[in-house]
Amino acid sequence: MSGTNLLYNRLVFVLSVIGALVAGFLWYLHAAHVDIPCGLSNDCATVAASRYSRFPEGNGFFVAAWGTIGYIGFAALAYARTLTESAKRDRILLGLLVLGAVAGTLFSLRLTYLELYVIHALCKWCVASQVIIAAVAAIAIADWFAPRPAPLSEVA
């Protein structure tokens, strides 16, 4: 992995760990039926009480649980990239990361839409997670298109 790609990968790893902490915190509060701290507004509690706080909607798992699992998966993919010597395997891991992060971003955008136009409440923690997953996706996409050094077999 070259310098730029290594930097991108480290950023993805750090953001994924932060995202897992945010989502894990929300998952814990939600599962423990504890009020989610949201400043002066009560919007986080409103969002958490809605049927959209679970996926599949209504009686599925908490969305924050899915987020925690996703962020841990992204961190694991970023870590796995540091362990491989194979450019092909690195590309596969990065491709999985890009696909997952883009899917997570689209899902998170849908949730933000629901918060704004259906639930009429905006959870600050959810927005923080939206920003984190969008950043992970943007960095992973930038890494996908970043130049790669030629394999040693092509240099000689």
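Numerical summary
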| read-out | value |
| --- | --- |
| Which numbered condition residue 57 fails, given (1) farther than 29 Å from residue 40 by Cβ; (2) in a loop (DSSP other than H, G, I, E, B) | (1) |
| Unmet requirement for residue 81, which otherwise passes all of (1) under 16 Å from residue 26 (Cβ atoms); (2) touching a residue at least 12 places away in the same chain (Cβ under 8 Å); (3) in a helix (DSSP H, G or I) | (1) |
| Near pairs, Cβ below 6 angstrom, 6+ apart or cross-chain, from the stretch 38-55 (among the charged types (D, E, K, R)) to any residue that is surrounded by fewer than 18 Cβ atoms within 10 Å (Cβ to Cβ) and assigned to a loop (DSSP other than H, G, I, E, B) | 43/122; 51/57; 51/58; 54/60 |
| Given (1) modelled with pLDDT under 95; (2) small (Gly, Ala, Ser); (3) under 19 Å from residue 26 (Cβ atoms), index of the condition residue 87 fails | (3) |
| Sole exception among (1) loosely packed, with under 14 Cβ neighbours inside 10 Å; (2) within 14 Å of the chain's Cα centre (by Cα) for residue 37, by number | (2) |
| Test result for residue 75, under 20 Å from residue 11 (Cα atoms), within 15 Å of the chain's Cα centre (by Cα) and of a type in the set (Gly, Ala, Ser) | yes |
| Hey, residue 51 under 30 Å from residue 119 (Cα atoms) and of a type in the set (Lys, Arg) or not | yes |
| Qualifying positions in the stretch 114-129 - surrounded by fewer than 21 Cβ atoms within 10 Å (Cβ to Cβ) and within 19 Å of residue 17 (Cα to Cα) | 124, 125, 127, 128 |
| Of residues in the stretch 18-48 being at pLDDT below 95 and small (Gly, Ala, Ser), the one farthest from residue 114 (Cα to Cα) | 32 |
| Pairs, first without any contact (Cβ under 8 Å) to a residue 60 or more places away in the chain in the stretch 5-30, second surrounded by fewer than 20 Cβ atoms within 10 Å (Cβ to Cβ) and not aromatic (Phe, Trp, Tyr), C-beta under 6 Å, six or more apart | 20/72; 27/65 |
| Options 77, 111; residue that is surrounded by 15 or more Cβ atoms within 10 Å (Cβ to Cβ) and either farther than 28 Å from residue 139 by Cα or in contact with a Leu (Cβ under 7 Å, 6 or more places away or on another chain) (or both) | 77 |
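The values are calculated or read from the model by the stated rules, or taken from the named source; none is laboratory data. Just so it is clear, the model here is predicted, and its values are computed rather than measured. Cβ atoms come from the backbone with ideal geometry, glycine included; neighbour counts cover every protein chain shown.
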